[in-house]
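Student: Attaching a single structure in structure tokens format; questions to follow.
The values are calculated or read from the model by the stated rules, or taken from the named source; none is laboratory data. Here the structure is a predicted model, which is why all the values come from computation and not from measurement. For neighbour counting, all protein chains shown are included, and Cβ atoms are generated from backbone atoms with ideal geometry for every residue, glycine included. Note: areas computed on protein heavy atoms with side chains; ligands, DNA, RNA excluded. Shrake-Rupley method; radii C 1.70, N 1.55, O 1.52, S 1.80 Å.
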Amino acid sequence: QVQFVESGGGLVKPGGSLRLSCTVSESIFNSGAIAWYRQAPGKQREWVALITKSTNTNYVNSVKGRFAISRDNAMKTVYLQMNSLKPEDTAVYYCNTVPRNTNYWGQGTQVTVSS
């Protein structure tokens, strides 16, 4: 069973915005915190943002003030609104549980920030 399906990536110019969506299986969505992670070329996958069931949020320092994570309980979807994008935000973005479960990695969605 596919647990996470990510979408919404694309090519955007520096300073632009994108909104990523992650559709989550119901059992996972109701079990606890969900996070966005990303992996840039040649780098390790890193945590970017998380949201708890009670909608508390936290962010890696590099995206604070630019990214916003949210969740829609009815749609079982977690969003990542990304503003003021920078070339260093270029990566494949994934969602997963907190802590991450290696069995749950999906295809991810590619975000490319380039002029």
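Student: Please go through the stretch 2-13 and give me each residue that is part of a loop (DSSP other than H, G, I, E, B) and open to solvent by 60 Å² or more (accessible area, probe 1.4 Å), ordered by number. Spell out the reasoning first.
Tutor: So the first thing to find is which residues in the stretch 2-13 are part of a loop (DSSP other than H, G, I, E, B), and the list is 2-3, 8-9, 13.
The answer is VAL2, LYS13.
Student: Ok, one more. Within the stretch 14-32, can one find any residue that is assigned to a strand (DSSP E or B), hydroxyl-bearing (Ser, Thr, Tyr), open to solvent by 30 Å² or more (accessible area, probe 1.4 Å) and modelled with pLDDT of 95 or more?
Tutor: Step one: list which residues in the stretch 14-32 are assigned to a strand (DSSP E or B), which gives 18-24.
Applying the additional criterion that residues be hydroxyl-bearing (Ser, Thr, Tyr) yields 21, 23.
Narrowing further to those that are open to solvent by 30 Å² or more (accessible area, probe 1.4 Å): 23.
Restricting the remaining residues to those that are modelled with pLDDT of 95 or more gives 23.
Yes: the stretch 14-32 contains one or more residues that are assigned to a strand (DSSP E or B), hydroxyl-bearing (Ser, Thr, Tyr), open to solvent by 30 Å² or more (accessible area, probe 1.4 Å) and modelled with pLDDT of 95 or more.
Student: Quick one: in the stretch 58-76, of everything that is assigned to a loop (DSSP other than H, G, I, E, B) and among the charged types (D, E, K, R), which residue is surrounded by the fewest Cβ atoms within 10 Å (Cβ to Cβ)?
Tutor: Initial filter on the stretch 58-76 (assigned to a loop (DSSP other than H, G, I, E, B)): 60, 64-66, 73-76.
After this cut, where a residue has to be among the charged types (D, E, K, R) as well, the list is 64, 66, 76.
On the way: LYS64: 10, ARG66: 15, LYS76: 16.
Here the answer is LYS64.
Student: Going through the stretch 77-100 one residue at a time, which ones are touching a residue at least 60 places away in the same chain (Cβ under 8 Å), part of a loop (DSSP other than H, G, I, E, B) and under 16 Å from ILE28 (Cβ atoms)?
Tutor: VAL98, ARG100
Student: Also: Do we have any residue at all in the stretch 65-80 that's in contact with a Pro (Cβ under 7 Å, 6 or more places away or on another chain) and not basic (Lys, Arg)?
Tutor: Going through the stretch 65-80, the residues in contact with a Pro (Cβ under 7 Å, 6 or more places away or on another chain) turn out to be none.
Checked the stretch 65-80: no residue is in contact with a Pro (Cβ under 7 Å, 6 or more places away or on another chain) and not basic (Lys, Arg).
Student: From THR90, THR52, THR109, THR97, grab the single residue that is under 17 Å from PRO14 (Cβ atoms) and open to solvent by less than 50 Å² (accessible area, probe 1.4 Å). Working first, answer last.
Tutor: On the way: THR52 fails: under 17 Å from PRO14 (Cβ atoms); THR109 fails: under 17 Å from PRO14 (Cβ atoms); THR97 fails: under 17 Å from PRO14 (Cβ atoms).
When all the criteria are applied, what remains is THR90.
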